[in-house]
1. Based on what the data block shows, is Ala219 hydrophobic (A, V, I, L, M, F, W, C), modelled with pLDDT of 95 or more and either out of contact with any strand residue (DSSP E or B) (no Cβ under 6 Å at 6 or more places or on another chain) or in a loop (DSSP other than H, G, I, E, B) (or both)?
2. Looking at segment 55-66, which of its residues are in contact with a Lys or Arg (Cβ under 8 Å, 6 or more places away or on another chain) and more than 14 Å from Thr114 (Cβ to Cβ)?
3. Among the residues of segment 104-113, is any assigned to a helix (DSSP H, G or I) and among the polar types (S, T, N, Q)?
4. Which one of these is touching a Phe, Trp or Tyr at 6+ places or on another chain (Cβ under 7 Å) and either under 30 Å from His176 (Cβ atoms) or part of a helix (DSSP H, G or I) (or both): Leu68, Leu76, Leu19?
5. With the requirement that a residue be touching a helix residue (DSSP H, G or I) at 6+ places or on another chain (Cβ under 8 Å) and over 15 Å from Arg10 (Cβ atoms), what does segment 198-221 give you?
6. Residues to consider are Arg10, Arg14; find the one that is of a type in the set (Lys, Arg) and in contact with a strand residue (DSSP E or B) (Cβ under 6 Å, 6 or more places away or on another chain).
7. Cβ-Cβ distance below 7 Å, separation of 6 or more or different chains: which pairs start in segment 87-113 with a residue that is without any contact (Cβ under 8 Å) to a residue 40 or more places away in the chain and end on one that is surrounded by 11 or more Cβ atoms within 10 Å (Cβ to Cβ) and not in a helix (DSSP H, G or I)?
8. On the given criteria, is Ala125 of a type outside the set (Val, Ile, Thr) and surrounded by fewer than 14 Cβ atoms within 10 Å (Cβ to Cβ)?
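The values are calculated or read from the model by the stated rules, or taken from the named source; none is laboratory data. None of the values given here were measured: they were computed from a predicted structure. Cβ sites come from the backbone with ideal geometry, for glycine too, and all protein chains shown count toward neighbours.
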Amino acid sequence: MSQSVSPVLRECHRLRRHLRDLQAEIDLGPRVLKIQQEALADEDAAHKEHHDAIKRWKLKQKDDEGSLKTTETRLLKVQTDLNSATSKKEFDAKNVEIATATARKSEFEDAILTALGEVEERTAAIPAVEKKWADAQATFQRQQVEAAERLARLQADQVESLAGLEATEAKIPPEHRNQYNRIVKGYGPDGLAPVHGRTCMNCKTSLTEQQKTSLLGGAFICCPQCGRALYLQE
């Protein structure tokens, strides 16, 4: 029985580290999902913003056209009234108003042209925007399918590895079972460590020749420095 302690502990160490890694991958799933959901939400926001921007530019164009019409009406009236000015002061005031209205008219005309350009450009981009949004949704759906399949594989591996660990730990000599349990409870998967030559690979402490001989003989040996259960490195 003692001759099997080292390979048993080696396999226990492998399985416990593997189970730790499996759990870490399983725990990573929700965080990855959150990132994917945030990416999809960003694409959704960009998709909506594109269409909302078109609506805003169309509304601005309509407002500016209304303002332009009002300005043109006022400009025409002031120009008509200019000839009826009865004093230089009134004449100058109307000229100032005409200049101001003319400048505003030009501003509204420029704004309308800008809005028309924006609407035309963004409308032309709609097919590409819709494709990008459709691709984002398809990618997210594919990621969910892949994540579910991956989780199923990890959980199946976890069940199999737990069964393997239970079967392997059953081979630990009864007189050392409690000590082994205390070690792995305290240190987890890192409660076991290989020995290379005479060196504990966890803390780099050198074993005595007697300890190395006992280990070679199949005894259950713990590192005198770090307390890890030791096994011979392959």
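1. Values: hydrophobic (A, V, I, L, M, F, W, C): yes; modelled with pLDDT of 95 or more: no; either out of contact with any strand residue (DSSP E or B) (no Cβ under 6 Å at 6 or more places or on another chain) or in a loop (DSSP other than H, G, I, E, B) (or both): yes.
Answer is no for this residue.
2. Within segment 55-66, the first condition is being in contact with a Lys or Arg (Cβ under 8 Å, 6 or more places away or on another chain), and the residues that meet it are 57.
Within segment 55-66, no residue meets the criteria.
3. Initially, segment 104-113 is screened for residues assigned to a helix (DSSP H, G or I), giving 104-113.
Now drop any that are not among the polar types (S, T, N, Q), which leaves 106.
Yes, that holds for at least one residue.
4. Details: Leu76 fails: touching a Phe, Trp or Tyr at 6+ places or on another chain (Cβ under 7 Å); Leu19 fails: touching a Phe, Trp or Tyr at 6+ places or on another chain (Cβ under 7 Å).
On inspection, the qualifying residue turns out to be Leu68.
5. The initial filter retains those residues of segment 198-221 that are touching a helix residue (DSSP H, G or I) at 6+ places or on another chain (Cβ under 8 Å), namely 198, 202, 207, 215, 217-221.
If the condition is that a residue be touching a helix residue (DSSP H, G or I) at 6+ places or on another chain (Cβ under 8 Å) and over 15 Å from Arg10 (Cβ atoms), then Arg198, Leu207, Gly217 are the ones that fit.
6. Details: Arg14 fails: in contact with a strand residue (DSSP E or B) (Cβ under 6 Å, 6 or more places away or on another chain).
Only one candidate passes the filter, namely Arg10.
7. Matching pairs, first to second residue: Phe91/Ala85; Lys94/Ala85.
8. Working: of a type outside the set (Val, Ile, Thr): yes; surrounded by fewer than 14 Cβ atoms within 10 Å (Cβ to Cβ): yes.
It is true that Ala125 is of a type outside the set (Val, Ile, Thr) and surrounded by fewer than 14 Cβ atoms within 10 Å (Cβ to Cβ).
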